[in-house]
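Engineer: First the structure, which I've put down as structure tokens, then a few questions once you've had a look.
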Amino acid sequence: MIQLILGDKGKGKTKVLLDKVNSEIKTAHGSIVYLDKSAKHMYELNNKVRLIDISGFDLKSSEEFIGFIYGVLSQDHDLEQMYLDSFLTIAKAEDPESANAVLGTLSEISEKFDVSFIISISLQAEAIDPKFKENIIAEL
């Protein structure tokens, strides 16, 4: 399953994402990974959450990002949830069309590997593919 937190830059999506991950860690049975474009939020995350600063991996395309996701999944068989902050930047999906394509792939990965993706995206609901409208959990 994928869940989306939408809104313009600076509207508080990251705070919502951080609050959600820190509350979910209390009841999680598997591991949780938080992907971000920097390590800036390291001290705001519960120490049981694995933070991955994706900036050090020099990804150049959304295809490479998906490959990176598969790599994380292959190394952690207990992975239950992945939180993706600054999605457009880390996924190399700079426009709504690319973002929707990556969301589709993540949805397929979620079903296949039984992992949830909780994603903050700097887009409005009208830019999201209608098939993902029911996945919106917050719009700021």
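Engineer: For Phe117, enumerate residues with amide H under 5 Å from its amide H, sequence gap 5+ or separate chain, H modeled in the peptide plane.
Structural biologist: For Phe117, whose amide H was placed from the backbone, the distant partners under 5 Å are Ile2, Gln3, Met82.
Engineer: Let me have the relative contact order for the stretch 84-138, percent, based on Cα pairs under 8 Å that are six or more residues apart.
Structural biologist: Across the stretch 84-138, relative contact order equals 43 percent.
Engineer: Residues with amide H under 5 Å of Tyr34's amide H, sequence separation 5 or more or different chain, H placed in the peptide plane at 1.01 Å from N; which?
Structural biologist: Amide H neighbours of Tyr34: Arg50, Leu51, Ile52, Tyr83.
Engineer: Which Cα, out of Pro96, Ser86, Met1, lies furthest along the positive dipole direction of the chain (beta carbon charges, K/R +1, D/E -1)?
Structural biologist: Looking along the dipole axis, the top candidate is Ser86.
Engineer: Quick check on the chain: take the gyration tensor over C-alpha atoms, sort the square-rooted eigenvalues as a ≥ b ≥ c, and tell me if it's rounded (a/c under 1.5), prolate or oblate.
Structural biologist: rounded
Engineer: With a 1.4 Å probe and all protein chains left in place, how much of the accessible area of the stretch 39-140 comes from carbon and sulfur atoms, in whole percent?
Structural biologist: Carbon and sulfur together cover 47 percent of it.
Engineer: Additional query: Where only protein heavy atoms count, and the probe is 1.4 Å, what is the accessible area per residue for the chain in Å²?
Structural biologist: Here the residues of the chain average 53 Å² of exposed surface.
Engineer: Below 8 Å between Cα atoms, with a sequence gap of 6+, how large is the relative contact order for the chain in percent?
Structural biologist: The value is 41 percent.
Engineer: Among the listed pairs Lys11/Lys131; Lys13/Lys37; Lys20/Lys48; Lys92/Lys133; Lys37/Lys112; Lys9/Lys92, which have their C-alpha atoms separated by more than 18 angstrom in this model?
Structural biologist: Pairs exceeding 18 Å: Lys11/Lys131; Lys92/Lys133; Lys37/Lys112.
Engineer: How large is ³J(HN,Hα) for each residue in the stretch 77-93, as worked out from phi by the Karplus curve 6.51 cos²θ - 1.76 cosθ + 1.60 (θ = phi - 60°), to whole Hz, x for Gly and Pro?
Structural biologist: 6, 9, 4, 10, 9, 10, 9, 10, 9, 6, 3, 4, 6, 6, 8, 6, 10
Engineer: Among the trypsin sites (Lys or Arg not before Pro) within the stretch 45-92, which fall in a DSSP loop and have no more than 14 other Cβ atoms within 10 Å of their own Cβ?
Structural biologist: Loop-located and lightly packed - Lys48, Lys60.
Engineer: Rounded to the nearest 500, what is the chain's calculated 222 nm mean residue ellipticity when only DSSP H runs of at least 4 contribute -39500 (n - 2.57) each, over all residues?
Structural biologist: -10500 deg cm²/dmol
Engineer: Here is a further query. Classify the stretch 75-140 as rounded, prolate or oblate from the Cα gyration tensor: take a ≥ b ≥ c as the square roots of its eigenvalues, call it rounded if a/c is under 1.5, otherwise prolate when a/b beats b/c and oblate if not.
Structural biologist: It comes out prolate by the Cα gyration axes.
Engineer: Taking the Cα centre of the stretch 1-75 as origin, sum charge times position over the Cβ atoms of Lys and Arg (+1) and Asp and Glu (-1), and report the length of that vector in debye to the nearest 20.
Structural biologist: Details: 11 positive and 9 negative charges, 59 e Å.
About 280 debye.
Engineer: State, to one decimal in nm, how far the label point of Ala127 lies from the label point of Asp76, with both points 7 Å from Cα in the Cβ direction.
Structural biologist: Those two pseudo-labels are separated by 2.7 nm.
The values are calculated or read from the model by the stated rules, or taken from the named source; none is laboratory data. Being a predicted model, the structure only gives us computed values, none of them experimental. Cβ atoms come from the backbone with ideal geometry, glycine included; neighbour counts cover every protein chain shown. Accessible surface areas use protein heavy atoms only, side chains included; no ligands, DNA or RNA. Shrake-Rupley method; radii C 1.70, N 1.55, O 1.52, S 1.80 Å.
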